[in-house]
Amino acid sequence: MKPLRMMKLAALTLPLMLVACGTQKKAVKETTTTPTTMKAQQFLQKVNDNAQYAKFITSKVKFSVEVGNQQLTLTGNLKMKRDDVIRLQLMAFGFVEAGRLEFTKDYVLIMDRINKQFIKANYNQLDFMRNSGLNFYSLQSLFWNELFQPGKSKVTDELLNNYQTDLIGEDAIISMESDKLSYRWLADKEGALLKMANIMYEDKIRGNYQLNWDYEDFKASGKKKFPFTHSILFNTPTKTVKMGMTLNYLGNDDEWETRTEISGKYREVTVDEILRRFMAL
């Protein structure tokens, strides 16, 4: 792991350790009206206000994936419609669509265009999504660089009270915990922009799952800013998957079909089968 990422993760972890015991949690609750807490809530509101206004976000992208000692880099297209769909089309040789990832409110679709294979599943069929309480809206927030709350379609002003915010140094730590789950965000205090999201599911029997999403290279999108570089690290008890996505520009194209029709020529397979095919490209 790179030193910078280790420092970021350490920054995320330390304040949570400091507020772990019951007496400290009680102290936080009893000081909800102090100037310090009011300042933290104002900052949290600013983070939430940084959400994009756009209904559509589209871009050409460079996409990379690494599983074990296998690496793959492709170009592609990112197309997103708020509250409806996230689509990532991956191109081979720059002009042939090799694969497609499509996330809607009801299902996840992964297509291998070259070998005519696919997997289509609802979120409860995917271990990490089910265990972490994530749904389409949570995933959308990760792609759109926004806060989220599991099971909710958006973060309202009232829901902001569910977060713990620690203003330390140049950054702020935003966190929320529930049972075996912890959700953490790292934001810069100056611009209130999210630089990292981290989700941890801890299970002593089945093992731990962790998703870490880094954001860099923020550029103007109207009056807002949007990260053009996304680095994603997904750890499971059996494997580690690293993904990278770099946007070329930020567009708002709305002339595209928001659902993919699956031809009868395609065969349904497992995720591992599709991954093996992709990595062989």
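Over all Cα atoms in the range 166-241, the spread is summed up by Rg and Dmax: 14.6, 48 Å.
Per-residue accessible area (protein heavy atoms, 1.4 Å probe) orders Phe95, Phe226 as Phe95, Phe226, starting from the largest.
Which whole-Hz ³J(HN,Hα) couplings does the range 217-226 yield from phi under the Karplus relation 6.51 cos²θ - 1.76 cosθ + 1.60, θ = phi - 60°, glycine and proline marked x? Going residue by residue, I get 6, 6, 10, 5, 9, x, 8, 9, 10, 9 Hz, with x marking Gly and Pro.
Accessible area per residue (1.4 Å probe, heavy atoms of protein chains only) ranks Lys81, Lys39 as Lys39, Lys81, with the largest value leading.
For the residue pairs Lys120/Lys154; Lys189/Lys219; Lys81/Lys189; Lys189/Lys225; Lys120/Lys225; Lys152/Lys239, alpha carbon separations beyond 22 Å are given by Lys120/Lys154; Lys81/Lys189; Lys120/Lys225; Lys152/Lys239. The magnitude of the dipole of the range 192-281, with charges of +1 and -1 set on the Cβ of Lys/Arg and Asp/Glu and taken from the Cα centre, is near 280 debye.
If you plug the beta carbon distance of Thr260 and Asp203 into 1/(1 + (r/R0)^6) with R0 = 35 Å, you get a FRET efficiency near 0.55.
Amide H to amide H distances under 5 Å link Asn208 with Asp203, where only residues 5 or more positions off or on other chains count and H is placed in the peptide plane. The heavy atoms of Tyr266 offer some 40 square angstrom of accessible surface to a 1.4 angstrom probe.
When a 1.4 Å probe is rolled over the protein heavy atoms, the share of accessible surface on the range 143-277 that falls to carbon and sulfur comes to 44 percent. For the range 78-90, the Karplus equation 6.51 cos²θ - 1.76 cosθ + 1.60, evaluated at θ = phi - 60°, returns couplings of 10, 10, 9, 10, 4, 6, 9, 7, 10, 10, 10, 9, 10 Hz by residue, with Gly and Pro reported as x.
The values are calculated or read from the model by the stated rules, or taken from the named source; none is laboratory data. All of these numbers come straight from a predicted model, not from anything done at the bench. So basically every Cβ, Gly included, is an ideal-geometry build from the backbone, and we count neighbours across all protein chains shown. With ligands, DNA and RNA removed, areas are computed over all heavy atoms of the protein, side chains included. Shrake-Rupley method; radii C 1.70, N 1.55, O 1.52, S 1.80 Å.
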